[in-house]
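**Q** Please find one structure pasted underneath; my questions will follow.
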Amino acid sequence: LLLPSRRWRLSVVLALAVARPYLSGGIWSQSLSTQRRDLVLIIDGSYSMGWEGDVQTPHAAAVEWSSQLLETLQPGDTLCLIDARQRPRVLIETPTRDFDRVRRELGDLPSPSGSSDLVEALFRAVQLLGTGGNVSRDIIVFTDGQAFPWLIDDHNAWTQLDALTAEQSIRPGIWVANVAGNRNADAANQSLDPLQLSRESGIVDVPIQVRTTVRRTGGDQERPACRVAFEVDGLTLADQTQTVDFSGDEAVVEFEYTPRSPGSHLIGVALECDDIP
């Protein structure tokens, strides 16, 4: 990571030994120290953390790493937990020694969705550590190596974060664990443009045309066929499912929907060819 502030020293822990990561050095070896610590765990909850191209998703790996780290903590250590979304959710705000509670919160984390703001999550984490009482303090961020959640170009956000840490009597160590596993940085990715409708409101028994564009980026030169499903109110309409053969990097798909009853209806398009559901 390239950070705007020169005062930041961000340590990166590579996901090389998932079975017992705390033995690989750095933050994990510190877990074996007798010095009491205050910790904040940040779990990236953005959509890409649900990538299914490996044995386990990055989100599942983050939960597993966190659970294993709990096994290394010593009496007197405390822990807070943040679920990093577009608006970070502080799940454990008061530093706790009840690690069973932490395990329950980790098990109840919702599936990844939307975007995340890791800078805001760090800001909240520094605030939480300010209420701790131990002399050693660390923040551990579990994420998948995507640049977007770090808001690299938002210098104002980083300046505010830097100012907050400068106010702390004990500056925390910040560690980033990339839990993306074997994901190739140039892996193929499919995406959908926003849906376009032929009219703004529907009329019962009058068809509406639904249009979107499927885009493909990264990967090799092969363009495997991709199934695209049309959904209404959570149900897939099998007769509307289409197969798209990529001749280039994008393909337009169109569906027709005829409302049979008045009221609101939720329509959607889903790809069946991507490692992110």
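**Q** Do you know which residues across region 249-262 are of a type in the set (A, V, I, L, M, F, W, C) and either touching a Pro at 6+ places or on another chain (Cβ under 7 Å) or modelled with pLDDT of 90 or more (or both)?
**A** V252, V253, F255
**Q** Let me ask something else. Would you please list the contacts, defined by Cβ atoms under 8 Å and residues six or more apart or on different chains, that run from a residue in region 125-143 that is acidic (D, E) to a residue that is crowded, with 24+ Cβ neighbours inside 10 Å?
**A** From region 125-143, the pairs are D138/D38; D138/L39; D138/V40.
**Q** Hey, can you tell me all the residues within region 249-259 that are open to solvent by 60 Å² or more (accessible area, probe 1.4 Å) and farther than 23 Å from D205 by Cβ?
**A** Across region 249-259, the qualifying residues are D249, E250, V252.
**Q** Check N156, N189 and return the single one that is polar (S, T, N, Q) and either touching a residue at least 12 places away in the same chain (Cβ under 8 Å) or under 18 Å from A62 (Cα atoms) (or both).
**A** Every option except N189 fails the conditions.
**Q** Moving on. For region 260-277, name all the residues that are surrounded by 16 or more Cβ atoms within 10 Å (Cβ to Cβ) and under 19 Å from N189 (Cα atoms).
**A** V269, L271, C273, D274, D275, I276, listed by residue number.
**Q** Of the numbered conditions (1) within 12 Å of the chain's Cα centre (by Cα); (2) modelled with pLDDT under 95, I43 satisfies every one except a single condition; which is it?
**A** Looking at each condition in turn, I43 falls short on (2).
The values are calculated or read from the model by the stated rules, or taken from the named source; none is laboratory data. Everything quoted here is computed from the prediction, not taken from an experiment. Cβ coordinates were reconstructed from backbone atoms using ideal geometry, including for glycine residues, and neighbour counts include every protein chain displayed. These accessible areas exclude ligands, DNA and RNA; they are computed on the full protein's heavy atoms, side chains included. Shrake-Rupley method; radii C 1.70, N 1.55, O 1.52, S 1.80 Å.
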